[in-house]
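As structure tokens, the structure follows; a few thoughts come after it.
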Amino acid sequence: MRSIKSILLGNALSNEQLSHEKLSRIWGLPIMASDAVSSVAYAVEEILLALVPLLGLVAVRYVGLISIPIIALLLMLIFSYAQIINHYPGGGGAYVVSKENFGRKPSLLAASCLVVDYILTVAVSISSSTAAITSAFPALEGQKVIIALVCITVVTLINLRGVSESSKIFGVPTYLFIATMFVLIITGFVRSISGTLMPIDYGAVHELIPEDTLSGITLILFLRAFSSGCAALTGVEAVSDAVPGFRDPPTKTARHVLYMLGTIIILIFGGTCLLAGTLKVIPLPGVTVMSQMANSVFGKGFMFYLLQFTTALILLLAANTAYNGLPILLSILASDRFMPLQFSHRGTKLSFSNGIMFIFITAGIMLVAFNADTHTLIPFYAVGVLISFTISQFGMFIKWTKLKEKGWHYKCIINGVGALVTFVAFIVVFVMKFSGGAWALAIVIPLIMLFMSYTHRHYALFGQAISIKDYKYHYKESTSKDKLPCIVLIHYLSKAALKTFDYANDISSDVTALHISTNPQNTEALKKQWDELGIGIPLTIIPTPYRDVLRLLDKYIIEREAKLSHGQTLTVVLTKFVSGGWQDKIFHNQTTFFIASKLARHKHVATVSVPFIYSIKGKEPKGQDAIEEFSSD
């Protein structure tokens, strides 16, 4: 298994290599731009799908008009998120803004919406990529779900290999798509001006779709098309969520990436909308709008297939924005005890691998459930992100009124208008997409918020139960006459650990505490508490820059086992937290189980688990003192 893991993911990285795993401007732009830029591949089509059934072929006249408020809203968001990056360098975007300015419930709403949006980003992007592939090769239409699952598996594996490696793999195709789109737009307008580009002739389709079904666009229809086009706004928030993932100085790097991202989106989305109006393109079953535009401008030659190929790739890679944004957000939520602590752990490649696997599983379920169909998934899309946009905009508005720094009136106006516009956009999108499935988000988002609140309550009560703050402890010297060696594994000091020490002293007079250090700061805190409590057991510390606890533990046990005399047994004592409920498996990692399984292979080693029963009943304690006592277990 270790060999297979090394082949798939490469060699492990040490903690010292973390700085090299952060994103630069050159490679950060394509990673963060892939979602937002790829939106043009389906946002324009979604606008037309809202207009054509009622307006017929005349619908193409209004695509450019509808793009104007979307682009204006995008500009407001770019300004707002640039300010968020400056004032909240720790990342988290709308979540940290709302936490500081509104409190817990609004921050959990923002976080829940972002989680939903990121998962949908992956599902929609993979589905759109699959649609681009089947559009170029219609024979594969019946294999959409399989193709989608293969695509998401590949993206997941590449992300598990680390940020640095994945950014280079995904960066080149993103730049290629951007360049190809600029070539399409420029070539299309040059040919239109020279008179060599004619509107697409749909022939028999004219009989199915009349030239002018309504006399003109109505407000309701405009809002419906606007709500569909808001898919182009997704991805902007990812830069502010992932600020810690950028190279030093992270705020400056992130801000520059955001500005470059905004410029590219405006040029490509605006240019594509205008070109769609020039070509008078309409959606057709089995053929994407982008494919029709490329065929009209380039013909079925090299550039046509290059655009189809890069479109499929960028839609596939758009999922990568979520793979970089959501794991960092989950790690921040886990640090605040609103998500299981496992999300705060870095894997062998210094990525938040548990967050990456969470995306893979949840998005994969959605792809199977919705048959990898983009149009079925779209109604769920953009609702969550617009809520987070509104909260973050209004949060910044409140912040300016408190700080009153230079230019705060100007900033208040922009964020206030932005909050109002995004709120109206949310209402419009939610109402227009309600019957299509958006109603489900009114159930899903509150459920996620309830889970986060329950998680925080669990950890608060757990921290209170194990905390040694104000706990009177007197170290009990061993009275055992048994000199067989005994090792107590210790991660941090708690009531459970102290109980385990007492048990070990009861069974042996030769007790050693072993701490495998994955975090130097936590280790220093442990050593300080160790001296303060006067624990008389020798403390052995083994640093592991590669975060590979089991391998180093196994190596240490082998060395101790080799020193045993004939007939002796080495006892390893573990602490096991028990609440008697399902919470143990979700909120606490299963390190004890894995260690016991590993040590069971040793002939002269006995493993003893000392249970520590804790209660999660009662009211959640106020303050952070209790839950800050432990980092993970």
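What to note about this one:
- Scanning region 367-381 for residues that are out of contact with any Gly (no Cβ under 9 Å at 6 or more places or on another chain), farther than 14 Å from Val431 by Cα and open to solvent by less than 40 Å² (accessible area, probe 1.4 Å) returns Leu367, Ala372, Thr374.
- Annotation: Ala334 fulfils all but one of (1) open to solvent by less than 30 Å² (accessible area, probe 1.4 Å); (2) within 14 Å of Val115 (Cα to Cα); (3) touching a residue at least 24 places away in the same chain (Cβ under 8 Å); the unmet one is (3).
- When Leu526 is tested against (1) in contact with a His (Cβ under 7 Å, 6 or more places away or on another chain); (2) not in a helix (DSSP H, G or I), exactly one condition is not met: (2).
- Selection count where residues are at pLDDT 75 or above and closer than 30 Å to Arg61 by Cβ, scope region 235-262: 3
- For Thr540, the conditions (1) more than 29 Å from Gln464 (Cα to Cα); (2) open to solvent by 30 Å² or more (accessible area, probe 1.4 Å); (3) of a type in the set (S, T, N, Q) all hold with the exception of (1).
- Considered as a group, the residues in region 427-479 that are among the hydroxyl-bearing types (Ser, Thr, Tyr) and exposed (fewer than 13 other Cβ atoms within 10 Å of the Cβ) include one that is farthest from Ile220 (Cα to Cα), and that residue is Thr479.
- In the condition set (1) surrounded by fewer than 22 Cβ atoms within 10 Å (Cβ to Cβ); (2) more than 19 Å from Ile169 (Cβ to Cβ); (3) in contact (Cβ under 8 Å) with a residue 40 or more places away in the chain, Phe358 is compliant with all but (3).
- In the condition set (1) open to solvent by 10 Å² or more (accessible area, probe 1.4 Å); (2) in contact with a Lys or Arg (Cβ under 9 Å, 6 or more places away or on another chain), Ser107 is compliant with all but (1).
- Long-range neighbours under 7 Å by Cβ, at least six apart or interchain, first residue closer than 12 Å to Thr422 by Cβ and modelled with pLDDT of 80 or more within region 374-388, second part of a loop (DSSP other than H, G, I, E, B) and open to solvent by less than 10 Å² (accessible area, probe 1.4 Å): Ser388/Glu237
- Of all residues in region 160-186 being assigned to a helix (DSSP H, G or I), over 20 Å from Ala132 (Cβ atoms) and open to solvent by 10 Å² or more (accessible area, probe 1.4 Å), the one that is modelled with the highest pLDDT: Ile186
- Filter result for the condition that a residue is part of a helix (DSSP H, G or I), within 17 Å of the chain's Cα centre (by Cα) and of a type outside the set (S, T, N, Q), over Ile398, Ile391, Ile356, Ile378: Ile356
- Only one of the numbered conditions (1) buried (at least 19 other Cβ atoms within 10 Å of the Cβ); (2) modelled with pLDDT of 85 or more is violated by Lys402, and that is (1).
- Filter result for the condition that a residue is of a type in the set (A, V, I, L, M), modelled with pLDDT of 80 or more and in a helix (DSSP H, G or I), over Ala276, Ala232: Ala276
- Every condition in (1) out of contact with any Lys or Arg (no Cβ under 9 Å at 6 or more places or on another chain); (2) aromatic (Phe, Trp, Tyr); (3) at pLDDT 70 or above is met by Phe630 except one, and the failing one is (3).
- Qualifying residues in region 510-524 (those that are modelled with pLDDT of 85 or more and open to solvent by 50 Å² or more (accessible area, probe 1.4 Å)) - the one nearest to Lys555 (Cα to Cα): Asp510
- Contacts under 6 angstrom Cβ, first residue in region 425-442 being over 21 Å from Ala72 (Cα atoms), partner modelled with pLDDT of 80 or more and outside any helix (DSSP H, G or I), 6 or more apart: none
- Count of residues meeting criterion [open to solvent by 10 Å² or more (accessible area, probe 1.4 Å) and closer than 14 Å to Tyr88 by Cα] in region 230-251: 5
- Residues located in region 273-294, provided they are farther than 22 Å from Thr374 by Cα, of a type outside the set (Lys, Arg) and open to solvent by 10 Å² or more (accessible area, probe 1.4 Å): Leu274, Gly277, Thr278
- Scan of region 480-490 for residues that are open to solvent by less than 30 Å² (accessible area, probe 1.4 Å) and in contact with a strand residue (DSSP E or B) (Cβ under 7 Å, 6 or more places away or on another chain), ordered by number: Pro485, Cys486, Ile487, Val488, Ile490
- Test: residue in region 301-315 that is surrounded by 20 or more Cβ atoms within 10 Å (Cβ to Cβ), under 15 Å from Ile152 (Cα atoms) and of a type outside the set (A, V, I, L, M, F, W, C): no
- Some residue of region 250-258 being within 13 Å of Ser38 (Cα to Cα) and under 30 Å from the mean Cα position of the chain (by Cα): no
- Residue within region 558-577 that is more than 19 Å from Cys486 (Cβ to Cβ), modelled with pLDDT under 85 and assigned to a helix (DSSP H, G or I) present: no
- Taking first residues from region 449-461 that are touching a residue at least 60 places away in the same chain (Cβ under 8 Å) and within 22 Å of Val116 (Cβ to Cβ) and partners that are of a type in the set (Gly, Ala, Ser) and crowded, with 19+ Cβ neighbours inside 10 Å, the Cβ contacts under 6 Å between residues at least 6 apart in sequence or on separate chains come to Met449/Ser112.
- Residue that is modelled with pLDDT of 85 or more and open to solvent by less than 10 Å² (accessible area, probe 1.4 Å), where the choices are Ser34, Ser112, Ser39: Ser112
- Among the residues of region 492-509, those that are among the polar types (S, T, N, Q) and either open to solvent by 10 Å² or more (accessible area, probe 1.4 Å) or in a helix (DSSP H, G or I) (or both) comprise Thr500, Asn505, Ser509.
The values are calculated or read from the model by the stated rules, or taken from the named source; none is laboratory data. Given the structure is predicted, the values throughout are model-derived calculations rather than measurements. As a convention, Cβ positions derive from the backbone with ideal geometry for all residues, glycine included, and neighbour counts pool all protein chains shown. Remember, those area values only see protein heavy atoms, side chains included, never the ligands or the DNA or RNA. Shrake-Rupley method; radii C 1.70, N 1.55, O 1.52, S 1.80 Å.
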